[in-house]
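The values are calculated or read from the model by the stated rules, or taken from the named source; none is laboratory data. Just so you know, these numbers come straight off a predicted model, no measurement behind them. Heads up, the Cβs are rebuilt from the backbone with ideal geometry, glycines too, and the neighbour counts pull from every protein chain shown.
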Amino acid sequence: MNKPSLPKGVRDFGQATMAKREFIFNTVKTVYKKFGFSPIETPSMENLSVLTGKYGDEGDQLIFKILNSGDYLSEVRAKNIHVLTEDTKKTLPLIAEKALRYDLTVPFARFVVMNRNEITFPFKRYQIQPVWRADRPQKGRYREFYQCDADVVGTDSLICEAEIVLMLQEVLTKLGINEFAIKINNRKILSGIAEVSGATGKEAEICVAIDKLDKIGEEGVVKELLEKDISKNVIEKILPIIKMEGANIDKLALLEKALDSSEIGKQGIAELKKVFEYVSAFGSEVAELQLDIALARGLSYYTGAIFEVKALGVQMGSICGGGRYDNLTGLFGLDGVSGVGISFGVDRIFDVMTELNLFSEQTETSVKVMITNFDEASEIVSLRILAMLRNEGIASEIYPKSDKLKKQFAYADSKKIPFVLITGEEEIKTGEFALKNMQSGEQKKLNLQQLIHVLHEA
């Protein structure tokens, strides 16, 4: 018999872990709803043609392809397998027409196009579902993971960008992650940098390379740019700009001088200034909002503002990212629909919160009170009390069979149930039941009305 195992990069989640994950999901969902976003879902698989070409060359290689059903090699054999297998790009469409979704944004764009007659624009949606990437598993990087997306499409108003900043701040604060950096940039600024450096048309290559500055350092970025046929002279012009330091206002002033000859660059600067202005207009102080000129976001569909969030004090990559895209629905035949959105990486947030010890014991608790089970006579009374507590909206359960009280307490303790209600013969006679606080060990005698009040307040 084979020993059961899991593929690398995927995981099972037990009860305690799921309770913590649900806390993250619910926190994010609550903030999204507060800002006017409504939920949708899309299928786990998409047609490969929907996904290909939307994430850049590196992203396309990480898409999990699904082999065609039945004899998936029949088309290849019919078209000369020896020739085709030498060119995987020609072979792939013949053996795999579908793929697991790489992110939630491209499927969302496809959804918008297919449902445009039923949608009221601007359309604000959130989506919490798993995605898959054929990546090399490592800390904070998995092959199957959840994203929590919020996007608004059908408007180019920069109020949306400002609201995204406020959502980011509120979600992280509610999760207890108080030390973080919200980084912002604009792809138009990066296009302007390419233009004034003499590398017009090479924006994609430059963005992919400088987006790795934190990971591979300046030397690694230079090496990658040279490999992409970006000249040394151009690189020497790019580096001083992306390495500009100072407060946001200082960086904007320096960029205005550096990009004075680039219209698209100046447009990006103006958009960023407007976002900062709107954030201030909300009356919000976002000290964590930082202009990062080296922030590029490798995905090729971004056209305006781009965001990235990092938790401080932990060794972890970004826990949230996003940006504005003007042409994504145009790839599916619907032009002129601009959108902007963000995506929280639940798995990375979970790892950060675990490392910082931010989960409380209450997070792991789903049941508030367990009722003991002594014998058949008390069992009937206990079931009636159980029904009453549930009708009051109090999460509760009964120990399934009569057993030693010590064993029942151990069960409640192992599940981190905070209270145990003792329903013995004496308690049933008097109508007052002993409620034990499992953390303090304190016991109180309460009638049913008092019991309900105490549990609601706890």
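Let's see how each residue does on (1) in contact with a strand residue (DSSP E or B) (Cβ under 7 Å, 6 or more places away or on another chain); (2) at pLDDT 95 or above; (3) under 20 Å from Phe374 (Cα atoms):
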{"residue": "Lys406", "(1), (2), (3)": "no, no, yes"}
{"residue": "Ser414", "(1), (2), (3)": "no, no, yes"}
{"residue": "Ile417", "(1), (2), (3)": "yes, no, yes"}
{"residue": "Leu421", "(1), (2), (3)": "yes, yes, yes"}
{"residue": "Gly424", "(1), (2), (3)": "no, no, yes"}
{"residue": "Ile428", "(1), (2), (3)": "no, no, yes"}
{"residue": "Ala434", "(1), (2), (3)": "yes, no, yes"}
{"residue": "Glu457", "(1), (2), (3)": "no, no, no"}
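Of all residue pairs spaced 6 or more apart or on separate chains, those with beta-carbon atoms under 6 Å, a first member in segment 202-219 that is assigned by TED's automatic domain parsing to the domain that holds Ile242 and a second member that is at pLDDT below 80 and outside any helix (DSSP H, G or I) are Ala204/Ser300; Val208/Gly298; Asp211/Gly298.
Selection of segment 416-426 for residues being surrounded by fewer than 20 Cβ atoms within 10 Å (Cβ to Cβ) and either out of contact with any Ser or Thr (no Cβ under 8 Å at 6 or more places or on another chain) or assigned to a helix (DSSP H, G or I) (or both) yields Glu425, Glu426. Can you tell me which of (1) among the β-branched types (Val, Ile, Thr); (2) touching a residue at least 12 places away in the same chain (Cβ under 8 Å); (3) not assigned by TED's automatic domain parsing to the domain that holds Val279 is the one Ile380 doesn't meet? Of (1) among the β-branched types (Val, Ile, Thr); (2) touching a residue at least 12 places away in the same chain (Cβ under 8 Å); (3) not assigned by TED's automatic domain parsing to the domain that holds Val279, only one is false for Ile380: (2).
Screening the candidates Met388, Met370 for the property of being of a type outside the set (Phe, Trp, Tyr), buried (at least 23 other Cβ atoms within 10 Å of the Cβ), touching a Leu at 6+ places or on another chain (Cβ under 9 Å) and farther than 30 Å from Pro240 by Cα yields one hit, Met370. Close Cβ contacts (under 6 Å, 6 or more residues apart or on different chains) running from residues in segment 241-261 that are surrounded by 14 or more Cβ atoms within 10 Å (Cβ to Cβ) to residues that are not in a helix (DSSP H, G or I) comprise Ile242/Ile293; Ile242/Ala294; Met244/Ile293; Asn248/Leu291; Lys251/Met244; Lys251/Leu291; Leu254/Met244.
Name the residue that is surrounded by the most Cβ atoms within 10 Å (Cβ to Cβ), counting only residues in segment 313-334 that are touching an Asp or Glu at 6+ places or on another chain (Cβ under 6 Å) and assigned to a loop (DSSP other than H, G, I, E, B).
Ser318
The set of residues in segment 23-76 that are assigned to a loop (DSSP other than H, G, I, E, B), at pLDDT below 95 and more than 25 Å from Asp351 (Cβ to Cβ) comprises Thr52, Gly53, Lys54, Leu67, Asn68, Ser69, Gly70, Asp71, Tyr72, Leu73. Among the residues of segment 398-446, count how many are among the charged types (D, E, K, R), free of Cβ contacts under 8 Å to residues at least 12 places away in the same chain and more than 16 Å from Arg384 (Cβ to Cβ). Looking only at that region, the number is 6. Within segment 262-272, the only residue that satisfies the criterion of being over 26 Å from Glu163 (Cβ atoms) and either crowded, with 21+ Cβ neighbours inside 10 Å or not assigned by TED's automatic domain parsing to the domain that holds Glu195 (or both) is Ser262.
Taken over segment 12-29, the criterion of being within 29 Å of Phe111 (Cα to Cα) and in contact (Cβ under 8 Å) with a residue 40 or more places away in the chain is satisfied by Arg21, Phe23, Ile24, Phe25, Thr27, Val28, Lys29. Within segment 146-153, not a single residue is of a type in the set (Gly, Ala, Ser) and part of a loop (DSSP other than H, G, I, E, B). In this structure, Val222 does satisfy being aliphatic (A, V, I, L, M), surrounded by 15 or more Cβ atoms within 10 Å (Cβ to Cβ) and free of Cβ contacts under 8 Å to residues at least 24 places away in the same chain.
Take Ser157 and tell me if it is of a type in the set (S, T, N, Q) and modelled with pLDDT of 95 or more. Criteria met by Ser157.
Taking the criterion of being buried (at least 17 other Cβ atoms within 10 Å of the Cβ) and either charged (D, E, K, R) or in a helix (DSSP H, G or I) (or both), the residues of segment 275-312 that qualify are Val275, Phe276, Tyr278, Val279, Glu288, Asp292, Arg297, Glu308, Lys310.
Residues are listed down the side, and each one gets a yes or a no for (1) more than 22 Å from Ala16 (Cα to Cα); (2) more than 44 Å from the chain's Cα centre (by Cα):
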| position | (1), (2) |
| --- | --- |
| Lys401 | yes, no |
| Lys407 | no, no |
| Phe419 | no, no |
| Glu426 | yes, yes |
| Thr430 | yes, yes |
| Lys436 | yes, no |
| Lys445 | yes, yes |
| Glu457 | yes, no |
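Just one residue in the set Ile159, Ile193, Ile184 is under 30 Å from Ile238 (Cβ atoms) and in contact with a Phe, Trp or Tyr (Cβ under 7 Å, 6 or more places away or on another chain); that residue is Ile184.
Scanning segment 96-144 for residues that are out of contact with any Lys or Arg (no Cβ under 8 Å at 6 or more places or on another chain) and more than 21 Å from Lys54 (Cα to Cα) returns Asn117, Glu118, Ile119, Thr120, Phe121, Pro122, Phe123, Lys124, Gln138, Lys139.
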